[in-house]
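Asks: Starting off with a structure, shown below.
The values are calculated or read from the model by the stated rules, or taken from the named source; none is laboratory data. Note that the structure is a prediction, hence the values are computed from the model and not measured. FYI the Cβ positions are ideal-geometry reconstructions off the backbone, even for glycines, and counts take in every protein chain you see. When the accessible area is computed, the model is the full protein with side chains, heavy atoms only, and any ligands, DNA or RNA have been set aside. Shrake-Rupley method; radii C 1.70, N 1.55, O 1.52, S 1.80 Å.
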Amino acid sequence: MDEAAEQIPGTPVEGGAAEPAPGVIAPRAPAPAAAPAQPVPVPVPQSVPVPEPVPVSEPVPVRQSVPVPEAVPDPAPDPVPITRTVDCGIAKLMPDVDRPRAWLLTVDGAPQSYVDLDAPTDLEFEYARRLAAVLDTAADPAEPLDVLHLGGGALTLPRYLAVTRPGSRQDVVEADRGLLALVAEQLPLPADCGIAVRAEDARAALEAAPEHSADVIVADVFGGSRVPAHLASVEYARAAARVLRPHGIYAANLADSAPFGFLRAQLANLATVFGHLCVIAEPAVLRGRRFGNIVLVASRAELPLTQLARRAAADVFPARVEHGAALRRLIGDAVPVRDAQAVPSPRPPDGAFSIG
């Protein structure tokens, strides 16, 4: 036999179980014993600390913010009259109580100008409105003009023209340096308004002005309440004509009453160099019933009489425009006056131009 003995069925094999004999069902080996169950640890609930009760305090009232009104600045103090000694007397600027930036200028008690800095086209004095009508009708609306103003005052008409005819070039001549300083300080001109102001005598400035350099000359020169004599001669009229362009207009404010000796002489002076004349005044003044302002207008060209008459009639204080035959009758036998014989305009009677 071989070294490994023949295995007999049903006999156990070394190191293992006996192989069953053919046709014999081997018994099922018993299942291995299960390992003993290990105990599952059960979590022990830990005690949760209970927060201590918070003491309840009394409710605190909530303050609502109350809007604090903005501080209102104190109103500007009311303007007060300003009095100053100037070259020609005592000048006074008096505020208009109804308009915050409006002022009346007087010199030695005689009203000279009224100006509203906020509304320069509002003209208080009727003579100023008549001179403004001349400026308004001197050319097409809004067309700029070259204007020479003889006499400045508070610069009422230059301010008016700067608004109604933007781009106009205006030279203002005023002899009273003290008055110019007062007006510049208290009633300053707006920037870039086209108005140049200088201290100079009106007659000297007129004679020094270039020939044919002005569309309009406005003369409103009073020494106190009288037109100076050196602005009341035929030589003065010729100087004005030289400065004006062919279509130019000369307009002057003066004051007189019946029998109109001063007015008639001025018309005679101007008639020597200008072919067209008219005067604008209230009927009561033209009839000699009282002393008052008269606007005199002259030109080499036809005057806009119809437009001037309409403006005068529609004014708050209606006026009349005299020209042609009526004006020639007014001039009558008056003759031109030379420098040597010229006199100032008459002194106004007491109360003629009183205010307030």
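Asks: Would you list the P(r) distribution for region 125-218, with all Cα-Cα distances sorted into 5 Å bins from 0 and each bin expressed as a whole %?
Replies: 3, 13, 25, 24, 22, 11, 2, 0
Asks: Express the relative contact order of region 89-133 as a whole percentage, based on alpha carbon pairs under 8 Å and six or more residues apart in sequence.
Replies: This gives 26 percent for region 89-133.
Asks: Here is a follow-up. Carbon and sulfur together cover what percent of the accessible area of region 197-356 at a 1.4 Å probe radius?
Replies: Its accessible area is 54 percent carbon and sulfur atoms.
Asks: Separate question: What does the charge count near Ile249 come to, summing +1 for each Lys or Arg and -1 for each Asp or Glu among other residues with Cβ under 11 Å from its Cβ?
Replies: Result for the local shell: 0.
Asks: May I pose another question? Where does region 234-327 land on Rg/Rh, using Cα atoms and the Kirkwood Rh?
Replies: 0.96
Asks: So what is the accessible area of region 223-321 per residue, in Å², with the probe set to 1.4 Å?
Replies: Result: 37 Å² per residue.
Asks: Which net charge results for the neighbourhood of Ala102, defined as the other residues with beta-carbon distances under 14 angstrom from its beta-carbon, given Lys and Arg at +1 and Asp and Glu at -1?
Replies: -4
Asks: Sorted by average packing, counted as other Cβ atoms within 10 angstrom per residue and highest first, what order do 244-252, 202-210 take? Write down the numbers at each step before the final one.
Replies: Details: 244-252: 20.8, 202-210: 16.7.
Answer by packing, highest mean first, reads 244-252, 202-210.
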